[in-house]
Amino acid sequence: QYADYALWQRELLGSEDDADSEISRQLAYWTDTLADLPEELALPRDRPRPATATHQGARISFDVPAEVHHGLADLAKESRGSLFMVVQAALATLLAKLSGATDIPIGMPVAGRTDSAVEELVGFFVNTLVLRTDVSGDPTFAELTERVREADLAAYAHQDVPFERLVDVLAPTRSMSRHPLFQTALTFETDHRGALDVLGRLPGLSVAPAAVDTGTAKFDLAFSFTERHTGEGTPAGLTGHLEYSTDLFDADTAVTLGERLGRR
């Protein structure tokens, strides 16, 4: 049960009063890594940010073609990183171009299943990480991907601090108009058709994915990608979605953002 998980996690992390505990070690990492984090990226918006966010949003879809997917996968192998890291580097490049900034924070959900004891538990253990990307010094894209790889691996090794606790400790300027620590999120998933096919073989059961537009947006921009493969397992493209705040952006702007990212 969730109560059991919470007690187990608390025992695992220890007390913040103990300087040698796991929670103290991880908090020290984040305090150092996110020091002087920019409160907000100055992205071009269609409207000024309201004093209080309505959290109303919309969603558009876009596609990354197979040949680009091939190139991304090859670069991931060359850089000893993951496809997510390459896509993150591309998104950081786009945000840097749009904002003129060189310090790009991006939020990422993590599954929260780093221990084999919770691999088969049914439940939602997701936490949120802040991935800080340094694009200063005019790096090549390969160099930027290497920076992302190093930063992401360090973040993954310190992923157990609950995001809400991290916000309390870092104490950024609170605002009702924006999400703390980052305003752009990135999610990456593999194609779930294999699992759907298995379910679909159950007698009398028809299974199909269904995209749901909730009309809400937790962040200014939230990019998500699903990787597609051919029957032979080769890259077949990425399906991209962008959930955006309608407080700030028009649909045409969101479409342009998706198209620009898909070309990179």
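The values are calculated or read from the model by the stated rules, or taken from the named source; none is laboratory data. Just so it is clear, the model here is predicted, and its values are computed rather than measured. In this analysis, Cβ positions are derived from the backbone assuming ideal geometry, glycine residues included, and neighbour counts consider all displayed protein chains. Ligands, DNA and RNA are excluded from the accessible area calculation, which covers all protein heavy atoms including side chains. Shrake-Rupley method; radii C 1.70, N 1.55, O 1.52, S 1.80 Å.
Looking across segment 129-181, the residues that are assigned to a loop (DSSP other than H, G, I, E, B), farther than 19 Å from Leu95 by Cβ and β-branched (Val, Ile, Thr) come down to Val161, Thr173. Summed over segment 130-153, residues that are open to solvent by less than 60 Å² (accessible area, probe 1.4 Å) and not hydroxyl-bearing (Ser, Thr, Tyr) total 12. Set side by side, the residues Asp250, Asp220 differ, and just one is farther than 26 Å from Ala73 by Cβ and crowded, with 17+ Cβ neighbours inside 10 Å, which is Asp220. Screening Ile23 against (1) in a helix (DSSP H, G or I); (2) open to solvent by 40 Å² or more (accessible area, probe 1.4 Å); (3) of a type in the set (Val, Ile, Thr) leaves a single unmet condition, (2).
Evaluated against (1) assigned to a strand (DSSP E or B); (2) closer than 30 Å to Leu7 by Cβ; (3) not hydrophobic (A, V, I, L, M, F, W, C), Gly123 falls short on exactly one condition, (1).
On the basis of being under 22 Å from the mean Cα position of the chain (by Cα), modelled with pLDDT under 90 and either surrounded by 11 or more Cβ atoms within 10 Å (Cβ to Cβ) or among the polar types (S, T, N, Q) (or both), does Asp191 make the cut? Here the answer is yes, as Asp191 does meet what is asked. Residue pairs whose Cβ atoms lie under 7 Å apart, sitting 6 or more positions apart in sequence or on different chains, and linking a residue in segment 36-57 that is more than 16 Å from Asp103 (Cα to Cα) to a partner that is part of a loop (DSSP other than H, G, I, E, B) and open to solvent by 80 Å² or more (accessible area, probe 1.4 Å), are Ala51/Met176; Thr52/Met176; Ala53/Met176; His55/Lys218.
Filtering segment 47-58 to residues that are open to solvent by 80 Å² or more (accessible area, probe 1.4 Å) and either modelled with pLDDT under 95 or under 19 Å from the mean Cα position of the chain (by Cα) (or both) leaves only His55.
Can you find, within segment 87-129, the residue that is farthest from the chain's Cα centre (by Cα) among those that are among the small types (Gly, Ala, Ser) and open to solvent by 40 Å² or more (accessible area, probe 1.4 Å)? Give the derivation first.
We begin by selecting, within segment 87-129, every residue among the small types (Gly, Ala, Ser); these are 89-90, 92, 96, 99-101, 107, 111-112, 116-117, 123.
Still in the running and open to solvent by 40 Å² or more (accessible area, probe 1.4 Å): 100, 111, 116-117.
On the way: Gly100: 21, Ala111: 11, Ser116: 23, Ala117: 25 Å.
Applying the filter and picking the extreme gives Ala117.
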